[in-house]
Amino acid sequence: MDQMSQLLKLLEKTDSIEINEFRMDFDELELQIMPAVQRAMRKSKELQEKTILEASKFVPPLETYPGKVEEVQLGHGKRKSVYLGGQTALYRFEEPQPNPPVVTFDVFDIPMPGLPRPIREHFDDVMEHPGDWAKKAVKDFGANMVTIHLIGTGPKVMDKTPRQAAQDIEEVLQAVDVPLVIGGSGDPKKDPIILEAAAQAAEDERCLLASANLDLDYKRVAKAAVDYNHAVLSWAITDVNMQKVLNRYLMKEGLTQNDIVMDPTTCALGYGIEFSIDVITRTRLGALKGDTELQMPMSSGTTNAWGSREAWMKNDAWGPTEYRGPIWETITGLTMMLCGVDIFMMLHPTSVKILTEIGNTFTQEYLSTELTDLSEWITELEN
Amino acid sequence: MDYRAGELKGGIKLRATVMDIYRLLPKTNCGKCGEASCMAFATKLNEKEVEPIQCTQMAEKEREKVEDAIAPAVREVVIGTGDKAITIGGDEVMYRYELTFYNPTALVIEVSDDLSEEEFDAKVKTIENIEFERTGELLKLSAIAVRNKSGDVEKFAKATEKVKNSKLPLVLCSFNPDAMKAALEIVGDQRPLIYGATEYNLENMADLALEYKCPITLFVPHDLEKMKELSYNLRSEGINDIVLDPGTYVREGTGDTLDEFIMIRRLAVEKGDPDFRFPIMGVPAVHWIYESGLGTMVDKGIREAVTAAKLMNSYADILIMHGTEIWELIPVLTLRQGLYTDPRKPQAVDPGLYTFGELDENTPVLLTTNFSLTFYTVEGDLKSGDANCYLLVLDTDGRAVDVSVAGNQFTGKAVADLIKESGIEDKVSHRKLIIPGLGAPVSGDIEDESGWEVAVGPRDSSQAPDYLNKIKEEAK
C-alpha cells in the first residue's frame with residue numbers, strides 16, 4: 001500500500017511513463033489499486049462536503065390508510081373483464097393502484113345529429129347502427145369499454161319501447177367483446193323500466209347500469225342488477241352526503257360494495273369543475289379513512305365538457321374547435337382522474353388517447369420508469 | 001361527518017392558533033391598529049385579513065416572531081417589483097376544500113434569445129397582449145421568461161435588454177452564471193426570478209441571488225434527495241426566496257413527475273420540512289424537446305396545455321410554457337380561474353330582477369339561476385349582444401340550471417314565487433317567460449304554478465341575443 005502511494009506520488013509530476021519488462025497478475029492489480037481509488041474518492045467527497053452542507057435525511061412522505069377502495073368487475077363469461085378500483089393508498093408513490101383508469105366510449109341508439117362536428121367526423125359512417133358504432137370505437141380507437149346511451153327511449157325523443165331497447169343492447173353485445181355501460185334517456189319515469197329490460201337482455205354479462213339516483217325508482221334498477229348480474233352506477237349531485245345515502249339505500253336492496261360505481265357528478269372545466277374536485281377528493285379520502293359507504297370506484301361523465309361553449313362554439317378569436325374540443329374534454333377528464341376517478345365516459349379519440357396514456361402510468365412504481373434527460377432543456381427546446 | 005385530510009395527518013400541527021399569535025402581541029388592547037382588542041387583531045392575523053405591521057406597538061424582533069408564526073406552509077415568493085410584481089406560493093393546505101388555494105399559478109411564456117429581432121418582438125407582444133374574458137374577469141398571462149437557447153452570453157444580455165421595459169415581470173433562464181450575471185446587470189433591480197441553480201453551478205448562482213436580491217429556482221431533475229440537500233445549502237447561505245423545479249417529465253414519465261410534485265407539497269404542508277416549503281415550478285414547454293420530429297405543432301400545443309393543467313392540478317405554482325396559441329391557453333387560464341376561486345365565498349349572486357338595455361311593457365322576460373358562473377355568463381352574453389330584456393334570477397342556492405333542476409331547487413313553485421315577489425307582473429303587459437334550454441323538464445310545472453306561458457330558450461346563453469331578435473322579428 002505504501003509502495004503504491006509512493007508510486008502515485010512519483011507519478012504526480014510525470015506526464016508519461018514507459019514501462020519495460022512489466023508483468024503483473026490481474027488479481028494483484030485489483031487488490032493493489034483499490035485503496036488508492038478509495039482514497040481519491042474520499043478526497044473528492046471531502047471537497048464536496050465543504051460546499052454542500054448536509055441536510056436532514058430525505059424521507060418520502062408516506063401515509064397509511066385504514067380503508068381501501070373495493071374492486072368492481074365489469075364484463076363476465078366470454079366477455080373481456082375490466083376491473084375498477086382496488087386502491088389502498090391516495091398516491092402512486094405510496095402504493096400504485098392495481099387497475100389503470102378505464103375509458104368507455106359513448107355510443108348512442110340514434111344517429112345524434114347534435115354531436116359536435118369534431119366527433120361526428122369520426123363516426124359519421126356508423127351512426128345509423130349502434131353495433132357498428134361500438135365496433136368502430138373498439139377496433140379503430142382502442143376503447144376498453146363502450147357506453148350505449150338509450151337516448152331514443154326518451155318519451156320526447158323517439159319513445160322507443162323496452163323491447164326495442166333490449167334489441168339495441170343485443171346488437172351492441174354481439175358487435176363487441178368489451179364490457180358495456182348501459183345508459184337511459186334521463187327520463188326518471190321511464191329509465192328504470194328501460195334499464196330493467198336492457199339488464200335482462202344482457203343477463204350475466206356484468207354491465208354497468210346507468211344510473212340509479214334518488215329521483216327515480218332506484219329499487220327497480222338495483223333489483224334488475226341483482227337479478228341479472230350487473231353493477232349499478234350510483235349518481236349523486238356534487239354532494240357527499242347524498243352519495244352516502246344513495247349507496248346505503250342501494251346496499252339495502254342487495255347490492256354490495258363490489259356492485260356499485262359512484263358518479264359524484266363531473267362539472268366541466270370552466271363550469272364548476274372545482275366543485276367536482278372538492279367532492280371527489282372528499283369522497284376518496286372518506287373511503288381510505290374507512291367509510292364503508294364511500295369505498296367504491298368512481299365514474300366521470302367527462303362528455304359534459306362538450307356542453308361548454310369553449311369546446312364547441314365557433315369563434316375565430318378562440319381558434320379552431322377541432323383543437324379546443326378535445327383539449328376541453330381531456331382536461332376535464334384528467335382533472336377528475338387526478339382526484340381518483342376510475343372510469344371515464346368520453347367522446348373524442350384524441351382525448352381518449354391522451355387520457356389513457358397518462359392513466360397507464362398510475363399502475364407503475366415510482367422510480368421504475370426510464371426517463372429522458374432534461375438537464376439541457378434550456379438549449380434543447382425548439383425556437 | 002367531516003372528511004378533512006387533517007385527520008390523517010398524525011397530529012402534526014403546523015399552523016399557529018389564534019392563541020399562539022395572541023401571546024406574541026403586546027396585549028395592551030390599545031386599539032391603534034383599528035381593532036377593538038389584541039385578540040381581535042390576532043384572529044384577523046390568523047385569517048390573513050390584516051398584516052403584522054399594522055400593529056405599531058411591536059419592536060421589529062417581536063414582529064418577526066409574529067410573522068414567523070403566521071407564515072404559510074409554502075413560502076410566498078415575489079417576482080418583479082412595483083406594479084408588475086406577482087406573488088407565487090402561500091398555500092396552507094393539500095386540498096382546496098380545506099381552506100382555499102392562494103396566489104394563482106403564474107403562467108409564464110418563454111422567448112428564445114436565438115430568435116430574429118422581429119420574431120422576438122412579435123412573441124413578446126403576443127404574450128403581453130393575450131387576454132380572455134370569462135364570467136366578468138379578464139384572464140391574462142403572468143410573466144415572460146427569457147431563454148438562453150444560444151448559450152451565448154452577449155445574446156442573452158441583448159435579449160434581456162429588449163424586455164427590460166416589458167409590462168410583465170421576468171424569469172431569466174440560463175445555467176451559465178456568466179450569462180446570468182450579464183442579464184442581471186441589466187434587470188437585476190427588477191427582481192427577476194433566476195433560473196436556475198443546479199448541483200453544478202450552485203455556488204455561483206447563489207452568489208448572484210444574494211448580490212442582486214433576487215429569487216432563485218433550484219433545478220434538480222428527478223432527485224428529491226439531492227433537491228433537499230441543495231435547498232438546505234441555499235437556506236444556509238441566507239437565501240429564502242427559492243422556487244423548486246423537480247423536472248417536468250411527460251408521457252411515460254408523467255407518473256414520476258406527479259409523484260415528485262405531490263411529495264414536495266406534502267413534505268411542506270403535512271410534514272413541515274423547511275427544505276421543501278417553497279413554490280413548485282413546472283415546465284410544460286418540454287413538449288417542444290421530446291417531440292421534435294414527432295407530432296405536429298398542434299399535437300404539441302394540445303399536449304402542452306394538458307401537461308400545464310395536470311401540473312396545475314398537482315400544486316404547480318409557476319409554469320413555463322412555449323406555445324402562444326389562444327386555443328391552447330384558454331383552457332389553462334380557465335382551469336386556473338376555477339382552482340383559485342375561494343370555496344368559502346358563496347358562489348351565488350343576489351336573486352331577483354335584473355335589467356338589460358331599453359325596456360317597455362313588451363320587453364321579453366328571461367330566467368336563469370343565481371349560480372355566479374351561470375349568472376355572469378348570461379349577463380356577459382346579454383350585454384355583448386346588446387339585448388333588451390328583463391332577467392329573473394332564481395335563488396337555487398348558487399346551483400347551475402341542470403343541477404338545480406335535478407336537485408329540485410328549480411321548480412314551478414319557486415319560479416312562480418319569484419315572479420310574484422319580483423314585481424315583474426307590474427312592469428310588463430305580457431305573461432311570457434323564456435327559460436334556459438336545460439330547464440325544459442320543468443316548463444310545464446312552471447306554467448301550472450305561475451299561469452305564465454313558458455317558452456324554452458337556447459341551451460347556451462350565447463344564443464340568447466339571436467333568440468330574442470328572432471322573437472322580435474316574428475312579432476312584427
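The values are calculated or read from the model by the stated rules, or taken from the named source; none is laboratory data. Please read these numbers as outputs of a predicted model, since none were measured by experiment. Here the Cβ is made from the backbone with ideal geometry for all residues, glycine too, and neighbour counts use every protein chain on show.
Observations on the model:
- Any hit, segment B:218-227, residues being within 9 Å of chain A (Cβ to nearest Cβ), modelled with pLDDT under 95, out of contact with any Phe, Trp or Tyr (no Cβ under 8 Å at 6 or more places or on another chain) and surrounded by fewer than 24 Cβ atoms within 10 Å (Cβ to Cβ): no
- Every condition in (1) under 27 Å from A:E382 (Cβ atoms); (2) surrounded by fewer than 17 Cβ atoms within 10 Å (Cβ to Cβ) is met by B:S236 except one, and the failing one is (1).
- A:K289 being more than 22 Å from B:N313 (Cα to Cα) and more than 7 Å from every other protein chain (Cβ to nearest Cβ): no
- Residue match in segment B:274-283 (condition: at pLDDT 95 or above, on the phi < 0 side of the Ramachandran plot and within 7 Å of another protein chain (Cβ to nearest Cβ)): yes
- Of the set (1) facing chain B (nearest Cβ under 7 Å); (2) in contact with a His (Cβ under 8 Å, 6 or more places away or on another chain), all apply to A:E329 but (1).
- Of the residues examined, A:T283 is not one that is of a type outside the set (A, V, I, L, M, F, W, C), under 24 Å from B:L329 (Cα atoms) and in contact with a strand residue (DSSP E or B) (Cβ under 7 Å, 6 or more places away or on another chain).
Condition check ((1) under 21 Å from A:R282 (Cβ atoms); (2) free of Cβ contacts under 8 Å to residues at least 24 places away in the same chain; (3) within 14 Å of chain B (Cβ to nearest Cβ); (4) in contact with a Phe, Trp or Tyr (Cβ under 8 Å, 6 or more places away or on another chain)) across all residues:
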site: A:G85; (1), (2), (3), (4): yes, no, no, no
site: A:L90; (1), (2), (3), (4): yes, no, yes, yes
site: A:P101; (1), (2), (3), (4): yes, no, yes, yes
site: A:P111; (1), (2), (3), (4): no, yes, no, no
site: A:P116; (1), (2), (3), (4): no, no, yes, yes
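- Scanning segment B:444-458 for residues that are buried (at least 17 other Cβ atoms within 10 Å of the Cβ) and either farther than 20 Å from B:K420 by Cβ or within 14 Å of chain A (Cβ to nearest Cβ) (or both) yields B:D445, B:G457.
- Number of positions in segment B:46-78 that are farther than 21 Å from B:P274 by Cα, in contact with a Cys (Cβ under 9 Å, 6 or more places away or on another chain) and aliphatic (A, V, I, L, M): 1
- Elements of type helices (runs of 4 or more DSSP H) in segment A:264-383, at least 3 residues being surrounded by 24 or more Cβ atoms within 10 Å (Cβ to Cβ): A:273-289, A:321-338, A:349-360
- Selection from segment B:23-61 of residues that are farther than 23 Å from B:Y102 by Cβ and in a helix (DSSP H, G or I): B:R23, B:C38, B:M39, B:E60, B:K61
- For the residues A:S185, A:S211, the requirement of being over 20 Å from A:G85 (Cβ atoms) and of a type in the set (S, T, Y) singles out A:S185.
- You will find that of B:I320, B:I302, the residue that is crowded, with 24+ Cβ neighbours inside 10 Å, among the hydrophobic types (A, V, I, L, M, F, W, C) and part of a helix (DSSP H, G or I) is B:I302 and no other.
- Pair list, Cβ under 7 Å, 6 or more apart: segment A:150-173 residue in contact (Cβ under 8 Å) with a residue 24 or more places away in the chain, other residue aromatic (F, W, Y) and crowded, with 19+ Cβ neighbours inside 10 Å: A:I151/A:F108
- If you check B:L170, B:L138 for being closer than 22 Å to B:T217 by Cβ and not hydroxyl-bearing (S, T, Y), only one passes: B:L170.
- Within segment B:225-250, residues that are outside the structural domain of B:P192 (by TED's automatic domain parsing) reach no partner that is in a loop (DSSP other than H, G, I, E, B) and not aromatic (F, W, Y) with beta carbons closer than 6 Å at six or more positions or on different chains.
- Residues satisfying the stated conditions in segment B:362-416, i.e. farther than 14 Å from B:V442 by Cα, within 11 Å of chain A (Cβ to nearest Cβ) and in contact with a Leu (Cβ under 8 Å, 6 or more places away or on another chain): B:A400
- Test: residue in segment A:167-178 that is under 21 Å from the mean Cα position of the chain (by Cα), surrounded by 15 or more Cβ atoms within 10 Å (Cβ to Cβ) and not in a helix (DSSP H, G or I): yes
- A single member of A:M158, A:M145, A:M127 is crowded, with 24+ Cβ neighbours inside 10 Å and within 29 Å of A:T321 (Cβ to Cβ), and it is A:M145.
- From B:D426, B:D397, B:D445, B:D466, residue being assigned by TED's automatic domain parsing to the domain that holds B:V378, among the charged types (D, E, K, R) and on the phi > 0 side of the Ramachandran plot: B:D397
- Residue match in segment B:58-76 (condition: in contact with a strand residue (DSSP E or B) (Cβ under 8 Å, 6 or more places away or on another chain) and touching a residue at least 12 places away in the same chain (Cβ under 8 Å)): yes
- Selection within segment B:156-196 - of a type in the set (A, V, I, L, M) and in a loop (DSSP other than H, G, I, E, B): B:V163, B:L168
- Yes/no for B:L138 being more than 19 Å from B:H322 (Cβ to Cβ), touching a strand residue (DSSP E or B) at 6+ places or on another chain (Cβ under 6 Å) and not hydroxyl-bearing (S, T, Y): yes
- Only listed residue being more than 13 Å from B:M180 (Cα to Cα) and in a helix (DSSP H, G or I), chosen from B:E199, B:E211, B:E225: B:E225
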